[in-house]
Amino acid sequence: MNGSHQPTPPPEDFDLLDRVLGAAPMPEPDAWFTARTLARCRSSQPTARPAISWGYLWRRWAVAGVFTLCLAGFGLQQLHRNHTLRIHHQHSAQEAFEVISKVDTDSDLSWQDSSL
Amino acid sequence: MKEPLAPFDSDAHDKRLMLRIADEDEDALRELVEKHQGTVYGTIAKMLGDPIEAQDLAQRVFVRIYRAAPTYRATAQFKTWMFTIVRNLVFNEHRRRSRATLVPLHPPDGESAGASTGPLPALDLPDTAHKSPSEQLLQDEMMRAVNAAILELPEQQRLAIILRRYDEFSYEEIAEVLKTSVSATKSLLFRARETLRGVLSDYMENQR
């Protein structure tokens, strides 16, 4: 690189230049700089993180919705099962009633026959 | 026997402050600003030669740091990362000024107190309580000459010499900020010094 071919300045001039440069020290910020900077940081939050983010809301509603659907499905399943059982019981009862009435009818007829 | 205290790791402390700032800790932000406002503002003021603009740019540096806190990854030294932001803002401002024709709102008043220091306000003068009037005059003149000479340097050389001489950055740190090699950094510094030596030769003679 170019730096390796440049002659090294003598130490005396090096110190003298540094001394001269030191005559113009770094300026300092005023006493209000920190307060103004903090205020500017606070007011610079167009992308400030809101208390509740849209992602958080969406996730909450999605979880609640899925849970509700599962509950509803379970509830419907239970209703359907109960309804099916009720119908099955009704059929069974009706069949039993028909069997009994048939038995009664047959026994009536046989009495009549035997009476002849 | 007490164990010696571990040396204070400024970089690790800055990174811890950044983590707290990401958690909206305003005390951490205040501490970071107070710690670095001197070097940030001073460097920008030296680069631009305009204390008003330097205040604005220095604040913008800290605003950028604040907004970057949630995604900040400590892959490099905090100081060099911060001064990369300084470099970007200062160089952008420099280019904006070179395109615009700037007219000062208040023409320089050579008779008003404190304005004799040139582009920098009087509050930046070193302590002159023990100086005679002639020494004070020489001091003022030298300060104006040094600031003017620095402002005449190309922006890369200017930033390099400010970071080296006033912020005491190492060659490696300057190279990281300028996004160049260490040898290129040394070359920049050498050329800057040669230029300054030529411009300020009279004052160097007085210092012998």
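Within the stretch A:23-41, the set of residues being more than 7 Å from chain B (Cβ to nearest Cβ) and surrounded by 13 or more Cβ atoms within 10 Å (Cβ to Cβ) comprises A:30 only.
Has the stretch B:63-70 got at least one residue that is buried (at least 19 other Cβ atoms within 10 Å of the Cβ) and more than 9 Å from every other protein chain (Cβ to nearest Cβ)? Checked against the condition, which is being buried (at least 19 other Cβ atoms within 10 Å of the Cβ) and more than 9 Å from every other protein chain (Cβ to nearest Cβ), the stretch B:63-70 yields at least one hit. No other residue among A:38, A:109, A:76 is assigned to a helix (DSSP H, G or I), modelled with pLDDT of 80 or more and farther than 30 Å from residue B:63 by Cβ apart from A:76.
If the condition is being at the interface with chain A (Cβ under 8 Å from one of its Cβ atoms) and under 30 Å from residue B:135 (Cβ atoms), then the stretch B:168-193 contributes only B:193.
The values are calculated or read from the model by the stated rules, or taken from the named source; none is laboratory data. Quick caveat: nothing in here was measured; it's all calculated off a predicted structure. No Cβ is skipped: glycine too gets one built from the backbone with ideal geometry, and neighbour counts run over all protein chains shown.
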